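Down below is the structure, laid out as structure tokens.
Bear in mind that the values in this text are calculations on the coordinates, not laboratory data. Computed from a predicted model, the values in this text were never measured in an experiment. Every residue, glycine among them, receives a Cβ derived from its backbone with ideal geometry; neighbour counts consider all protein chains shown.
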Amino acid sequence: MDLYRLGAVSWQESQLIYHALPRLGLGGLVILRPSSPYVCIGYHQDAAQEVDLAYCRACGIPVFRREVGGGAVYLDGGQIFYQLVLDRRHPLAQGAKEDCYRRLLASVVAVYRDLGLDATYKPVNDILVDGRKISGNGAGEIADAIVLVGNLIVDFDYDTMARVLRVPDEKFRDKVHQSLRENLTTLRRELPELPDTAALEDRLVQRFAEVLGTLTPQPLPEAVRREAARLAPELTSEAWLLRRGTQGEGRRVRIRSGAEVAQRAYKAPGGLIRATVEVHDGRFVAVDLSGDLFMYPAERLDDLAAALVGTPCASAEETVAAFFAAHGIEAPGITPADVARVVRIAT
């Protein structure tokens, strides 16, 4: 398998390269770090709900929507990214998505253990040390490939992370900041002395090679750079970033007797689910679903929302379960009952 060890790259390249590789039918392991900070949101998230876009714009912090699930995160050179692009027919890409995470993230767990830390894998996509997250990961399907992206968290800017998130008030922001410090850790916090970047990357390559086989260093093909440049106008556009709208959160507006528009969120084991629904006389007439979650195939979240339209609110769980079964949906940590619960909360 090809290894692309790219060092520090622009923030755009740090995301666009793994979007470009599968579109060209190419795979491999990419290791890099961004040369400047930015915010990255998951495929299913509503940017206006998750991120303080006005603050980010005022401070010159770009915001990017990736084609991989998961949550919003502040990224900078304090993290080393690994990005694995596997043909969906690859043996390591087979089976349930949680099994794929477990197999592939064993390499990252081993790196932390090499450094003397008691790291463990926690489903669906986290690596913990003493109960605190020390690596965030996401996976998605792009073209004919399975893409796993994640990081070694060498250092982390807790202050900026808490600031870029959209919150209802400063008291809530203080709580977020406190929770981040209590529940997310770094190599800088855990080790008496930090290894240098090259040594950490060497360990990643070594441990991934034990799972992936021989990794052959290669320069990034020019075709990949061209494809990344071609994708940039779309994937960095305002339309792509705001594709899920800007409706308010946690509100209920009564239009008339029996007609309401409402929005709520529910934290399932597999992630946060948001629902905005319009209900007339006990039936869904409009449904929008988003959130910090993983669903495969990714585009089916919108199809699920459409499938709920016209159905009775009381039969939401049955409708979702039938959709999951008919389309072979995998949503690690999220059940039809979870989806039904959030759309019912919103009605």
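Descriptive notes on the structure:
- Exposed GluC sites (Glu not before Pro) absent: longest stretch of the chain, with sites in DSSP loops and at most 16 other Cβ within 10 Å deemed exposed: 1-192
- The sum of -39500 (n - 2.57) across all DSSP H runs of n ≥ 4, divided by the residue count of the chain, sets its helix-only mean residue ellipticity at 222 nm to -11000 deg cm²/dmol.
- Option label - semi-axes √(5λ) of the Cα gyration tensor in Å computed here, alternatives (i) 34, 23, 20; (ii) 39, 24, 19; (iii) 67, 19, 16: (i)
- Part-to-part distance (alpha-carbon centres) for segment 14-33 and segment 254-304, which is given in Å: 32 Å
- Sequence-distant aspartates and glutamates (8 or more away, or on other chains) whose Cα lies within less than 15 Å of K133: D118, D155, D157, E182, E190
- Taking a straight line from the alpha carbon of K97, these aspartates and glutamates sit under 17 Å away, with near neighbours fewer than eight places off in the same chain left out: E67, D87, D126, E141, D144, D292, E299, E330.
- Rough spin-label spacing in nm, given labels placed 7 Å along Cα→Cβ, for C59 and D169: 2.2 nm
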